[in-house]
Amino acid sequence: MKKRLIATIPFMLAGCSYYNTFVERMQTDTLQYQCDEKPLTIEQSDQKNRVKFVYDNEYLSLTQGLSASGTRYTDGVYVFWSKGDTATVYRKDRIVLNNCQLQNPKH
């Protein structure tokens, strides 16, 4: 009996992990931007405290930081800054995606 219980624990833990990923995806908004350089797809957490996106073949996860105006997310290297329906992406204080315009904004 104990062997069966011990054998099922990894499957139970894996199930929890998949469930948490599923719930996180359900609580995510996907925002589409058109930037001067290329399109940008942002996944924003339901709590609005984190954004995720792919840039330069790298999956980035940025947390919300301080901003005097608009909303700013950073991981210490990249910054996603948005205000209204526009956004800009910086890498080490250099603009890498400029004039990003939100497509089909929700009003």
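All of the numbers you see were taken from the coordinates with simple rules; none came from a lab. Small disclaimer: the values here were computed from a predicted structure and weren't measured. Note that each Cβ is placed from the backbone with ideal geometry, even for glycine, and that neighbours are counted across all protein chains shown.
Residue order for VAL96, VAL79, VAL54, fewest other beta carbons within 10 angstrom first, comes to VAL54, VAL96, VAL79.
About the Cα centre of region 28-102, what is the dipole size in debye to 20, counting +1 per Lys and Arg Cβ and -1 per Asp and Glu Cβ, all else neutral? Walk me through the numbers on the way to the answer.
Details: 9 positive and 10 negative charges, 44 e Å.
Dipole size: approximately 200 debye.
Computed extension gain for SER67 through ARG50, at 0.36 nm per residue and net of the alpha carbon distance, reaches 4.7 nm. Given a Förster distance of 22 Å, report the FRET efficiency between VAL77 and ASN57 from their Cβ-Cβ distance, rounded to the nearest 0.05. For VAL77 and ASN57, the calculated efficiency is 0.90. Each Cα pair under 8 Å and six or more residues apart adds its sequence gap; the mean of these over the residue count of region 28-102 is a relative contact order of 25 percent.
How long is the gain from THR86 to GLN34 if the chain were fully straight, where each residue apart is worth 0.36 nm and the alpha carbon distance is subtracted?
Details: separation 52, 0.36 × 52 = 18.72 nm, distance 0.94 nm.
Length gained, THR86 through GLN34: 17.8 nm.
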